[in-house]
Amino acid sequence: MSSNQLAGIQAELFRRHRATATTVAGLLIAVVLLSVVARLGKGFLRHQNNPPLDIALRITILVFGLGSVALRRTKFAAMRLQDIAALQGATGLLQTLEKTTLQVALLGAVIAAMGFVATLLTGNDFYTYGAGLVAVAVLLYCYPFRTSWQRTLQQFTPETIE
């Protein structure tokens, strides 16, 4: 592989990683801001018990949280990444890393949004805090580290990274 192609792949790695890491960090900040808004708005909301919403929300958050872990593990399975690298090369592998990371991060953001909406409906700020905690865990779990992306490229397309 020529040095121009290697430089192009390195540049794409840095570009995709930076964009993905910025998006995940932005979603982390949004989750924290939702918790702050719930705390500041606590005095304006009337507390109403809603047991069906409570059970549904807890189950949904659990399913989304565990689903995000399952999604990431499935999409990043070694055999799958090996097939993608063989068929699409380093670019396809980087696209997969980026797309999967963003999908898992969006699941985390949806978890936080569900908790915030439940807080608006019931006046119970616990929903935002609990969902926010799960969302932060999901977002930290999916946070992209450039070294892991480089290792993945080295493992599945060794000719692309020096």
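For region 1-20, the candidate set comprises residues that are in contact with an Asp or Glu (Cβ under 8 Å, 6 or more places away or on another chain) and farther than 25 Å from residue 109 by Cβ; within that set, the residue that is surrounded by the most Cβ atoms within 10 Å (Cβ to Cβ) is 6.
Of the set (1) surrounded by fewer than 14 Cβ atoms within 10 Å (Cβ to Cβ); (2) hydrophobic (A, V, I, L, M, F, W, C); (3) under 22 Å from residue 23 (Cα atoms); (4) more than 13 Å from the chain's Cα centre (by Cα), all apply to residue 149 but (1).
Among the residues of region 1-47, those identified as outside any helix (DSSP H, G or I) and more than 24 Å from residue 115 (Cβ to Cβ) are 1, 2. With the requirement that a residue be surrounded by fewer than 16 Cβ atoms within 10 Å (Cβ to Cβ) and closer than 20 Å to residue 6 by Cα, what does region 63-88 give you? The answer is 82, 86, 87, 88.
I need every pair where a residue in region 5-23 that is in contact (Cβ under 8 Å) with a residue 12 or more places away in the chain has its Cβ under 6 Å from the Cβ of a residue that is loosely packed, with under 13 Cβ neighbours inside 10 Å and assigned to a helix (DSSP H, G or I), sequence separation at least 6 or different chains. Listed by first residue and then by second, the contacts come to nothing, as the list is empty.
For residue 71, the conditions (1) within 24 Å of residue 133 (Cβ to Cβ); (2) touching an Asp or Glu at 6+ places or on another chain (Cβ under 9 Å) are fulfilled apart from (2).
Among the residues of region 66-99, what is the count of those that are touching a residue at least 40 places away in the same chain (Cβ under 8 Å) and under 11 Å from the mean Cα position of the chain (by Cα)? Looking only at that region, the number is 4.
What helices (runs of 4 or more DSSP H), lying completely within region 48-162, carry at least 2 residues that are of a type in the set (Gly, Ala, Ser) and over 22 Å from residue 28 (Cα atoms)?
Details: elements: 51-75, 78-122, 126-142, 146-156.
In region 48-162, the matching helices (runs of 4 or more DSSP H) lie at 78-122.
For residue 66, the conditions (1) touching a helix residue (DSSP H, G or I) at 6+ places or on another chain (Cβ under 8 Å); (2) at pLDDT 95 or above; (3) of a type outside the set (D, E, K, R) all hold with the exception of (1).
The residue list 106, 133 contains one member that is out of contact with any helix residue (DSSP H, G or I) (no Cβ under 7 Å at 6 or more places or on another chain), without any contact (Cβ under 8 Å) to a residue 12 or more places away in the chain and farther than 14 Å from residue 54 by Cα, which is 133. Can you find a residue in region 32-54 that is within 15 Å of residue 137 (Cα to Cα) and of a type in the set (Gly, Ala, Ser)? Taking every residue of region 32-54 in turn, at least one turns out to be within 15 Å of residue 137 (Cα to Cα) and of a type in the set (Gly, Ala, Ser).
Just checking, which of 91, 60, 23 is hydroxyl-bearing (Ser, Thr, Tyr), closer than 16 Å to residue 139 by Cβ and surrounded by 14 or more Cβ atoms within 10 Å (Cβ to Cβ)?
Numbers: 91 fails: closer than 16 Å to residue 139 by Cβ; 60 fails: closer than 16 Å to residue 139 by Cβ.
So the residue among 91, 60, 23 that is hydroxyl-bearing (Ser, Thr, Tyr), closer than 16 Å to residue 139 by Cβ and surrounded by 14 or more Cβ atoms within 10 Å (Cβ to Cβ) is 23.
The values are calculated or read from the model by the stated rules, or taken from the named source; none is laboratory data. Model, not experiment: these values are computed from the prediction. Glycine gets a Cβ as well: all are built from the backbone with ideal geometry, and neighbour counts include every protein chain shown.
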